[in-house]
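*Asks:* Following this message is one structure expressed as structure tokens.
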Amino acid sequence: MKPFDGAPPRRPIRRLDDATISRIAAGEVVERPASAVKELVENAVDAGATRIDVRLEGGGLERIEVADDGVGIPPEELELAVARHATSKLDGSDPAEGVTTLGFRGEALASIAAVARFRLLSRAEGREIGSGISVVGGTLAGRFDAPRAPGTTVEVQELFFATPARRKFLKAPAAEQAAVVDVLDALYLATPSVALSLTAEGREVFRYPASGRLRDAAGRVLGPAFLADAFLVDAPLPPSGRLRGVLGRPTQHRPNGSGLYLAINGRSIRSRPILQAVRLAFQDHLPRTRFPVGLLHLELPTERVDVNVHPTKTEVRIARDREVLDAVRVEVRRALQSGPGVAEAPFPVALREFPEAGTPEAIRPFSLAAGPALHDAAVGAQTTLDVGSAFVAVAAGAHRPALRLVGSLFDLYWIADAGTDLWILDQHAASERLLFDRLRATGRIGRQELVVPRTVELTARQDAAEDSQDHEQHTGSLEHAQADGRAAEQRLGRVAGRAVHRIALLRLHLED
Ligand code: ADP
Ligand code: MG
């Protein structure tokens, strides 16, 4: 699973020559706490760590700490580690060819140390004690020794303290923390063989175990519900690569590509062409506006993957990508259709969605006074809702025909006659949308304490969102997260007299 198995032992850090420097994609790598965390965790993975622990204060704006059990840095190389264009990872080779480490630019530590109060403590192999340096705003401020298990700890305090202009563009701590969670989720899913934990304000946000199975790792990040309705992909990629992963069945989808985690050779990447290939594989099974969810690992010969495209290394270029993309599409589709419940024909799995955008005036709500009840997602009870407004809330469509309700199917869907079209509406989604819009319109909601706290399962992303101020303000509150993604719920929010303890999760579901 680790991309670097068989990599040679650690090489000394050295400065790159000018010719190599000029060939490296230039640009800013540290824009916010999440980008610093990404670089630091990648360094730990490159150092062969088996576990990495990240700690944040103030969403990473006050303090970031990344500790690993990797090979460490010898004391005489500490200063070089924070020097610009100094790396142990490029061996005079062209960065465009065959990079087998996540880093190679030799710039991350220098960039971070230049804009923060920075400490690097490391105990290299064969040393008795840890040695450290502190750097303030890019200037060496001190050396120290301290006991430490083998490995490295990087501490970043007051990121951008010297550049107030940059600080201005940062978001609130909760939003920065959510961005860190996103980055760490992606990194873990790219190299799940390395255990990864996040602690924020002294409270554990998640602890992902080292895992040899993509399926288990995906379950950790995407939640058990994801695995319950997912299928595996394992197929060759021409000429000598492999495609492996786990994807949600068409019942699971998102409004954008953020739920599809991609990795090439253990590197977390974003790739429109690959995303597009996966979407094509789901064609006929997902509405056009929705995106698949899951994790895909591509293993390709390193010389076919150019990682020197973008300074943050999140985009790569694949040589002769056409055959790879075609294979991804074909193999994902094959895997999808070989499982149960997905026929070639779109009906009944694909739910037709309301088209995007349009004017509210065009809406002609239908009334459903005596019709079937909407399933109330928030409280798990049957409640009759005003369907006219539910329809308005759900249908953000350009063409909103008058709908005539024909019936309901499996207690899940409404079937409606729209003139020349048949519409199938997901009652559950409509109900969630209605609740969500009402909540948003109200702005603020009341609260009610619970006598006995209830336990709810949260993924790390949800948990991070629970912490946001926005959430405090607009919803009831889930308090006191416990280990392993559970939170004890101590208060309920109330909207229009109804309990809405899951509203924050709904919001994530609708907006993520
Ligand atoms: P790069 O990763 O591109 O080489 P960095 O600035 O991120 O550049 O790191 C510079 C060097 O410091 C690395 O090449 C590596 O030798 C060393 N280093 C950084 N972080 C660690 C770590 N956690 N463990 C061991 N060595 C590290
Ligand atoms: Mg690096």
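*Asks:* Considering (1) farther than 23 Å from Ala186 by Cα; (2) away from ligand 2 (no atom under 16 Å from the Cβ); (3) crowded, with 24+ Cβ neighbours inside 10 Å, say which one Pro74 fails and leave the rest.
*Replies:* (3) is the only condition that Pro74 fails.
*Asks:* Kindly evaluate Ala36 against the criterion of being within 11 Å of ligand 1 (Cβ to nearest atom), part of a strand (DSSP E or B) and among the small types (Gly, Ala, Ser).
*Replies:* no
*Asks:* It is to be established whether one or more residues within the stretch 44-64 are on the phi > 0 side of the Ramachandran plot, away from ligand 2 (no atom under 12 Å from the Cβ) and surrounded by fewer than 23 Cβ atoms within 10 Å (Cβ to Cβ).
*Replies:* yes
*Asks:* For the stretch 39-87, how many residues meet the condition of being at pLDDT 95 or above, in a strand (DSSP E or B) and within 8 Å of ligand 1 (Cβ to nearest atom)?
*Replies:* 2
Yes/no matrix, rows are residues, columns are (1) among the aromatic types (Phe, Trp, Tyr); (2) at pLDDT 90 or above:
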{"residue": "Val136", "(1), (2)": "no, yes"}
{"residue": "Val154", "(1), (2)": "no, yes"}
{"residue": "Phe161", "(1), (2)": "yes, no"}
{"residue": "Glu176", "(1), (2)": "no, yes"}
{"residue": "Thr191", "(1), (2)": "no, yes"}
{"residue": "Glu201", "(1), (2)": "no, yes"}
{"residue": "Val205", "(1), (2)": "no, yes"}
{"residue": "Pro224", "(1), (2)": "no, no"}
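*Asks:* If you don't mind, there's one more thing I want to ask. Test each condition in (1) more than 25 Å from Glu57 (Cβ to Cβ); (2) crowded, with 20+ Cβ neighbours inside 10 Å; (3) within 14 Å of ligand 2 (Cβ to nearest atom) for His85 and report the one that comes out false.
*Replies:* (2)
*Asks:* For the stretch 98-136: of the residues being of a type in the set (S, T, N, Q) and within 13 Å of ligand 1 (Cβ to nearest atom), which is surrounded by the most Cβ atoms within 10 Å (Cβ to Cβ)?
*Replies:* That would be Ser122.
*Asks:* Can you tell which of Ala218, Ala235, Ala210 is of a type outside the set (Phe, Trp, Tyr), closer than 22 Å to Arg55 by Cβ and touching a residue at least 40 places away in the same chain (Cβ under 8 Å)?
*Replies:* Checking each option against the conditions leaves just Ala210.
*Asks:* Residues of the stretch 10-45 being within 17 Å of Thr312 (Cβ to Cβ) and β-branched (Val, Ile, Thr), which ones?
*Replies:* Passing the criteria: Ile24, Val29, Val30, Val37, Val41, Val45.
*Asks:* If we scan the stretch 118-136, do we find a residue that is of a type in the set (Lys, Arg) and in contact with a strand residue (DSSP E or B) (Cβ under 7 Å, 6 or more places away or on another chain)?
*Replies:* Checking the stretch 118-136: at least one residue is of a type in the set (Lys, Arg) and in contact with a strand residue (DSSP E or B) (Cβ under 7 Å, 6 or more places away or on another chain).
*Asks:* Please determine whether any residue of the stretch 131-153 is within 12 Å of ligand 2 (Cβ to nearest atom) and either β-branched (Val, Ile, Thr) or under 30 Å from Ile318 (Cβ atoms) (or both).
*Replies:* For the stretch 131-153, residues within 12 Å of ligand 2 (Cβ to nearest atom) and either β-branched (Val, Ile, Thr) or under 30 Å from Ile318 (Cβ atoms) (or both): present.
*Asks:* Could you count how many residues in the stretch 7-23 are surrounded by 16 or more Cβ atoms within 10 Å (Cβ to Cβ) and either more than 9 Å from ligand 1 (Cβ to nearest atom) or of a type outside the set (A, V, I, L, M, F, W, C) (or both)?
*Replies:* 5
*Asks:* Restricting the stretch 293-330 to residues that are on the phi > 0 side of the Ramachandran plot and out of contact with any strand residue (DSSP E or B) (no Cβ under 6 Å at 6 or more places or on another chain), which is surrounded by the most Cβ atoms within 10 Å (Cβ to Cβ)?
*Replies:* Ranking the qualifying residues of the stretch 293-330, first place goes to Lys313.
*Asks:* Residue pairs, Cβ under 9 Å, 6 or more apart or interchain, first in the stretch 99-111 and farther than 21 Å from Ile264 by Cβ and within 10 Å of ligand 2 (Cβ to nearest atom), second assigned to a helix (DSSP H, G or I) and at pLDDT below 90. List them.
*Replies:* Gly106/Ile21
*Asks:* Exactly one condition in (1) out of contact with any Leu (no Cβ under 8 Å at 6 or more places or on another chain); (2) modelled with pLDDT of 95 or more is not met by Ala7; state its number.
*Replies:* Tallying (1) out of contact with any Leu (no Cβ under 8 Å at 6 or more places or on another chain); (2) modelled with pLDDT of 95 or more, Ala7 fails exactly one: (2).
The values are calculated or read from the model by the stated rules, or taken from the named source; none is laboratory data. Source: prediction; values computed, not measured. Neighbour counts run over all protein chains shown; Cβ positions are idealised from the backbone, glycine included.
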